[in-house]
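To start, the structure under review is shown below, and the notes come after it.
The values are calculated or read from the model by the stated rules, or taken from the named source; none is laboratory data. It should be emphasised that the depicted structure is a prediction, and the values quoted were computed from it without experimental measurement. Positions of Cβ are backbone-derived with ideal geometry, glycine not excepted, and every protein chain shown enters the neighbour counts.
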Amino acid sequence: MTKLIYVNNMSLDGYIEDERGAVDFFPVDAEVFRSHTDLLLSAGTFLYGRRLYETMAHWETDATLAAQSDLFSEFATAWQAANKIVYSTTLTAASTANTRIERHFDPTAVRELKAAAGSDITVGGANLASQAVKAGLVDECQLYVLPTVLGGGKPALPTDARVDLELIDERRFGNGVVLLRYRPLGL
């Protein structure tokens, strides 16, 4: 069965960026990066908010990234192959192939997408993921918890909804990152 998976990197205290909007606290590590690549390879569609899309688009628009290593090349190839849906009221055109822009998040359209998909779908960007969580669309959360406390910033999870979760897996990486996989209770 196709799953909608919310995936994000977050600080130990639950933030995806600090109070200045910086995300420079992520410890780059081949083991964690490989895990991200494996997730990309399992998904056929990525749902993004504008800011995350603009960050990730560099994997297609900047060839020097893929040229840095075999691991980066595999990540770039997987990212480019997937379909991307970007939710934005301001973006006028996509800078990457296999990408379409939607003006507003429509839970019904996402349900239909899930029903028709042949592989998993990921959702990224805290605001967009929050909408998907509140709509009951997220089947799994894969949260990479980083060994850093930011003390504030943009929350990784909804702050205006209660969602009870069940831990289904955990993985510890050598650099102190922990991948926690949860599913909402009742699924």
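Listing for the model above:
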item	result
The lone exception for Ile101 - which of (1) assigned to a strand (DSSP E or B); (2) in contact (Cβ under 8 Å) with a residue 24 or more places away in the chain it fails	(2)
The stretch 133-154, residues that are outside any loop (DSSP other than H, G, I, E, B) and surrounded by fewer than 17 Cβ atoms within 10 Å (Cβ to Cβ)	Lys134
Some residue of the stretch 83-95 being within 15 Å of Leu41 (Cα to Cα) and touching a Phe, Trp or Tyr at 6+ places or on another chain (Cβ under 8 Å)	yes
Residue ID - surrounded by the most Cβ atoms within 10 Å (Cβ to Cβ), chosen from residues in the stretch 49-58 that are of a type outside the set (Phe, Trp, Tyr), in contact with a Gly (Cβ under 9 Å, 6 or more places away or on another chain) and part of a helix (DSSP H, G or I)	Leu52
Only listed residue being touching a His at 6+ places or on another chain (Cβ under 7 Å) and free of Cβ contacts under 8 Å to residues at least 60 places away in the same chain, chosen from Leu65, Leu91	Leu65
Any hit, the stretch 32-39, residues being modelled with pLDDT of 95 or more, under 22 Å from Ala116 (Cα atoms) and hydroxyl-bearing (Ser, Thr, Tyr)	no
Pick from the stretch 1-40, criterion among the aliphatic types (A, V, I, L, M) and within 18 Å of Arg172 (Cα to Cα), ranking: surrounded by the fewest Cβ atoms within 10 Å (Cβ to Cβ)	Val28
Count - residues of the stretch 111-132 that are assigned to a helix (DSSP H, G or I) and in contact with a strand residue (DSSP E or B) (Cβ under 7 Å, 6 or more places away or on another chain)	7
Ala81 surrounded by fewer than 17 Cβ atoms within 10 Å (Cβ to Cβ), without any contact (Cβ under 8 Å) to a residue 24 or more places away in the chain, out of contact with any Gly (no Cβ under 8 Å at 6 or more places or on another chain) and more than 18 Å from Leu179 (Cα to Cα)	yes
Candidates Gln68, Gln80 - the one that is closer than 22 Å to Asn8 by Cβ, polar (S, T, N, Q) and not in a strand (DSSP E or B)	Gln80
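Per-residue answers, yes or no, for (1) free of Cβ contacts under 8 Å to residues at least 60 places away in the same chain; (2) out of contact with any helix residue (DSSP H, G or I) (no Cβ under 8 Å at 6 or more places or on another chain):
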| site | (1), (2) |
| --- | --- |
| Leu4 | no, no |
| Ser11 | no, yes |
| Glu19 | no, yes |
| Phe25 | no, yes |
| Asp29 | no, yes |
| Phe33 | yes, no |
| Thr45 | no, no |
| Tyr48 | no, no |
| Arg51 | no, yes |
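A quick yes/no check of all residues on (1) closer than 26 Å to Val133 by Cα; (2) of a type in the set (Gly, Ala, Ser); (3) part of a strand (DSSP E or B):
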{"residue": "Val23", "(1), (2), (3)": "yes, no, no"}
{"residue": "Val32", "(1), (2), (3)": "yes, no, no"}
{"residue": "Ser35", "(1), (2), (3)": "yes, yes, no"}
{"residue": "Asp38", "(1), (2), (3)": "yes, no, no"}
{"residue": "Leu41", "(1), (2), (3)": "yes, no, no"}
{"residue": "Leu47", "(1), (2), (3)": "yes, no, yes"}
{"residue": "Glu60", "(1), (2), (3)": "no, no, no"}
{"residue": "Thr92", "(1), (2), (3)": "no, no, no"}
